[in-house]
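What follows is a single structure, written as structure tokens, with notes after it.
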Amino acid sequence: MDTGVLIERLPKVELHVHIEGTLEPEQLFAFARRNGVSVRYPDVEALRAAYRFHDLQSFLDLYYEGCAVLLTEQDFYELTLAYLRRVAAQGVVHTEIFFDPQSHTHRGVAFATVFDGISRALAEGERSLGITSRLILCFLRHLDEADAFDTLRQAEPYLDRIVAVGLDSSEVGHPPSKFERVFAAAREHGLLTVAHAGEEGPPEYIREALDLLKVSRIDHGVRCLEDDALVERLVAERMPLTVCPLSNVRLGGFAEMRDHPLKRLLDRGLCATVNSDDPAYFGGYMTENFTATQAALGLTADDILTLGRNAIEAAFLDADARERLL
Ligand code: HPA
Ligand code: ZN
């Protein structure tokens, strides 16, 4: 089968998407107008033109600024449902979504407002689009441990609907070790753990995520290739990497898609998966990530099928649900 057709038809599983990163400029302006929030760009075109990033922090600054328009339960509902509709049209059948409660609670938006809006949309998405989903609560690593503990406490009434905790935001200077105790507390609540590691940070952060945070997946992880012993360990443990190719290129990790290591990760036998990260900011959702990597790296039909199977294997699903996707 032609790889383009295969990509289009592949039932896709997304494991790394920040719901706040699905806020398209048009929607950002609509929420701003509705909520009386001012935006420092005159229009959608000007805002989109500002999406030229040189590293993770230059992106995060705009991403957190964009969050300011999200105020009501209805905003979080519409944001999430719009994402689900877009990816349902791309053949996504299951998605595991990060949310950043601290980006909202620090602006005075209640945890319940965020959580209720997102989870109402997830229920609607399952009912009307047939997309299954899981929610992963991310701690912002540039904030301190006490703030993460406070966030975990606020999440307590909702833990039956949260599958895991994760770690995102500015990586360098905020190693996984900073959150060892809060991740231990989360595991005691029965939550799984994941962490962004080896996106901009060194391979050592990937080791810390494994050893100290006991993660079930590494988010990004592309810098593992700098450390052969680490690659061997990740292969031996069959540790999934949720790779986000358009994100890595847009944030300057690799100059061009031709330089992206996705194919090398697969060839080393790693359990790599393809994901969109912050699709409204990085130029594409799941299909665009598959299409761009296939074109630049010459992914074969086998590579694409392997990426699809890896994501099903790495998903936080029970055996029955997994079987249904295979
Ligand atoms: N990396 C770290 N933190 C993030 C990202 C990312 O790609 N997107 C949203 N928060
Ligand atoms: Zn991410």
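Some values worked out for this structure:
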{"quantity": "In nm, spacing of pseudo-spin labels at His54 and Ala295 (7 Å Cα→C-beta vector)", "calculated": "2.7 nm"}
{"quantity": "Within straight-line cross-link reach of Lys12, lysines at Cα separation under 19 Å, skipping those fewer than 8 residues along the same chain", "calculated": "Lys263"}
{"quantity": "Two-decimal Rg to Rh for region 42-100 - Kirkwood Rh, Cα set", "calculated": "1.01"}
{"quantity": "Rg(Cα) / (2.2 N^0.38 Å) computed for the chain, rounded to two decimals", "calculated": "0.93"}
{"quantity": "Contour excess over end-to-end distance, with Cα ends at Glu180 and Ala46 and 0.36 nm allotted per residue", "calculated": "44.1 nm"}
{"quantity": "Convex hull projection area averaged over all views, region 131-270, Cα basis, nm²", "calculated": "9.0 nm²"}
{"quantity": "Loop-resident sites, region 177-249, for GluC sites (Glu not before Pro), counting at most 16 other Cβ within 10 Å (DSSP)", "calculated": "Glu237"}
{"quantity": "Relative contact order (%) - the chain, alpha-carbon pairs under 8 angstrom, separation at least six", "calculated": "20 percent"}
{"quantity": "Per principal axis, descending, Cα span of region 205-306 in whole Å", "calculated": "34, 28, 22"}
{"quantity": "Candidate residues Met257, Met1: accessible-area rank, largest first, probe 1.4 Å", "calculated": "Met1, Met257"}
{"quantity": "Given charges at beta-carbon only (K, R positive; D, E negative), |dipole| of region 1-133 in Debye", "calculated": "180 debye"}
{"quantity": "Residue-by-residue Karplus 3J(HN,Hα) for region 245-258, coefficients 6.51, -1.76, 1.60, Hz, glycine and proline x", "calculated": "x, 4, 4, 4, 6, 4, 9, x, x, 9, 5, 9, 4, 4"}
{"quantity": "Förster radius 51 Å - calculated FRET efficiency between Glu237 and Asn35 (Cβ-Cβ, nearest 0.05)", "calculated": "0.65"}
{"quantity": "Helix-only [θ]222 nm of the chain, DSSP H runs n ≥ 4, -39500 (n - 2.57) each, per residue, nearest 500", "calculated": "-14500 deg cm²/dmol"}
{"quantity": "Area of Leu10 that stays accessible when all protein chains are in place (1.4 Å probe, Å², to 10)", "calculated": "20 Å²"}
{"quantity": "C-alpha center-to-center spacing [region 219-278, region 77-154] in angstrom", "calculated": "25 Å"}
{"quantity": "Top positive-direction residue, dipole computed over the chain with Cβ charges, set Ala123, Ala184, Cys224", "calculated": "Ala123"}
{"quantity": "Cβ-Cβ FRET estimate between Arg187 and Ala321, R0 fixed at 25 Å, reported to 0.05", "calculated": "0.70"}
{"quantity": "Highest average packing first - 160-169, 140-149, Cβ atoms within 10 Å", "calculated": "160-169, 140-149"}
{"quantity": "Selected from Thr132, Ala209, Leu307, residue furthest toward positive end of dipole (the chain; charges at beta carbon)", "calculated": "Thr132"}
{"quantity": "Pairs of Cα atoms farther than 16 Å apart, region 261-326, %", "calculated": "51 percent"}
{"quantity": "Mean shadow area of region 217-270 over all directions, Cα convex hull, nm²", "calculated": "3.4 nm²"}
{"quantity": "Difference of contour (0.36 nm per residue) and Cα-Cα distance, Ala112 to Asp150", "calculated": "12.3 nm"}
{"quantity": "Relative contact order (%) - region 86-245, alpha-carbon pairs under 8 angstrom, separation at least six", "calculated": "16 percent"}
{"quantity": "Region 15-171, Rg to Rh (Cα coordinates; Rh as Kirkwood inverse mean 1/r)", "calculated": "0.95"}
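The values are calculated or read from the model by the stated rules, or taken from the named source; none is laboratory data. What you see is a predicted model, and the numbers here were worked out from it, not measured in a lab. Here the Cβ is made from the backbone with ideal geometry for all residues, glycine too, and neighbour counts use every protein chain on show. Each accessible area value is taken on the protein alone, full model and side chains, heavy atoms only, with ligands, DNA and RNA left out. Shrake-Rupley method; radii C 1.70, N 1.55, O 1.52, S 1.80 Å.
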